C-alpha cells in the first residue's frame, strides 16, 4: 500500500444525481430511448421524479413512442428555449455523439445518473459511505497520481452525474496500453472475448508474436464472429462458454453486446473457470464479462496465486466494482501494483483496472 488516504470530505458535500433531478424545479427530459432510458424511468418512479418527455437524435426519430412518450427529436428539444434538465439515458464513446452531449451542456443542465450496466442497480451515496472502508483500501492500493485522480473523479461523477468529472480524468489509451508491457511470450486469456476485437488488439500490441491465446465467449452469435475474426491466427483456442466461479451450466440471455449476460431467461450455456483452462500457465488475462467479473475472478484464484499474471479487468459493470474488485484481487494475491484508468466515454463505462506483478 502507498500510504495515500482517501478523504471522505471530498464527497460529503456532493448532491446525489437523483436529488438534483427531483429538486431541479424545471421540466425533466430523457435523452435516449433504449434499455438505459428504461432503467432511468423505473428509477424515476422509485424516487418520485416526473419525466416530462423523451427525445432522441434526429436520425432515429420516426414518429414513434417510447414508454408512453412521443419521442421528440434532438433539434426540436434544442430549438425550444424553455429551460430544462436533460438526463442522459445511454452511453457512447463516438466523437460526434459525445460532442452532441457536450452541446446540450452548453445550453441546459445535463445529468448522467450512474446506473448498473448489467442490472437494475444504481450508485447510492449512502451505500458508498457504508462501504467506505473498502473504497479507502482500494484507493490505498493505487500506484500513481492519475489512478488516484481517476478514483476521485469517478466517485464524484457517480454521486452527482456531472460529466465534467469524467472529462477531468479521461486517459490516453495508447499510454494506458503500454502499462501492460506485453511481450512476444504471452499466454493470453481473454474472458469475454465478444467478437474478437480485444484479441485483435492484443495481437497488434505484441506485433503478432505471442505464445498462445485462449478466448472465452458465451454468446453463440458473438462466438461465431470471434471464430471468423481469429481464424487466421495461430495457437488460438476458443471456448463457447461463460467465465464463472465454477464449472457448471448457466442461463444466458439471448441479447447481443451489453445485453448478453447471465439472466433468469435465455439459453443454457456452459460455464468454465480460468483455473480449469490455464493449468499450463498464464501471463496475462483480461476480464470483461458483463457483470460477472467478480465471479470470474473467483474462478481464477489458483491461476492468480500460482502465476501472478498481468490483469486488465473492467470495473464499471456494477456501481461499486471500481473499488470492490481491486480489494478482491488483493485478497487473492497481494503481489500487484494497481492502475485505474477511465477511457473517453459518457457515462463512466470503460473504467478499467490494470494489475501488474511487483
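The values are calculated or read from the model by the stated rules, or taken from the named source; none is laboratory data. Since this is a predicted model, take the numbers as computed values, not measurements. All Cβ positions, even for glycine, are placed from backbone atoms using ideal geometry, and neighbour counts span all protein chains on display.
Numerical summary
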quantity	calculated
Lone unmet requirement of (1) buried (at least 17 other Cβ atoms within 10 Å of the Cβ); (2) over 19 Å from residue 22 (Cα atoms); (3) in contact with a helix residue (DSSP H, G or I) (Cβ under 9 Å, 6 or more places away or on another chain) for residue 107	(1)
Subset tally (residues that are in contact (Cβ under 8 Å) with a residue 24 or more places away in the chain and within 18 Å of residue 339 (Cα to Cα)) for segment 140-163	14
In segment 180-213, the residues that are touching a strand residue (DSSP E or B) at 6+ places or on another chain (Cβ under 8 Å), under 21 Å from residue 296 (Cβ atoms) and surrounded by fewer than 19 Cβ atoms within 10 Å (Cβ to Cβ)	212
Listing of helices (runs of 4 or more DSSP H) fully contained in segment 47-138 that carry 1 or more residues being assigned by TED's automatic domain parsing to the domain that holds residue 27, under 26 Å from the mean Cα position of the chain (by Cα) and closer than 28 Å to residue 9 by Cα	95-107
Qualifying positions in segment 7-21 - out of contact with any strand residue (DSSP E or B) (no Cβ under 9 Å at 6 or more places or on another chain) and either in a helix (DSSP H, G or I) or free of Cβ contacts under 8 Å to residues at least 24 places away in the same chain (or both)	7, 9, 10, 11, 12, 13, 19
So residue 57, is it surrounded by fewer than 19 Cβ atoms within 10 Å (Cβ to Cβ) and within 25 Å of residue 118 (Cα to Cα)	yes
Per-region count, segment 151-187, residues closer than 19 Å to residue 91 by Cα, part of a helix (DSSP H, G or I) and touching a helix residue (DSSP H, G or I) at 6+ places or on another chain (Cβ under 9 Å)	12
Residue in segment 164-172 that is closer than 20 Å to residue 310 by Cβ and without any contact (Cβ under 8 Å) to a residue 24 or more places away in the chain present	yes
Selection status of residue 25, part of a loop (DSSP other than H, G, I, E, B), at positive phi and touching a residue at least 24 places away in the same chain (Cβ under 8 Å)	no
Failed item in (1) at pLDDT below 95; (2) on the phi > 0 side of the Ramachandran plot; (3) touching a helix residue (DSSP H, G or I) at 6+ places or on another chain (Cβ under 7 Å), with residue 4 passing the rest	(2)
Criterion violated by residue 78 - all others in (1) modelled with pLDDT of 95 or more; (2) surrounded by fewer than 12 Cβ atoms within 10 Å (Cβ to Cβ) satisfied	(2)
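Yes/no per residue for (1) assigned to a strand (DSSP E or B); (2) surrounded by 23 or more Cβ atoms within 10 Å (Cβ to Cβ):
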site: 328; (1), (2): no, no
site: 341; (1), (2): yes, yes
site: 344; (1), (2): no, no
site: 348; (1), (2): no, yes
site: 353; (1), (2): yes, yes
site: 356; (1), (2): yes, no
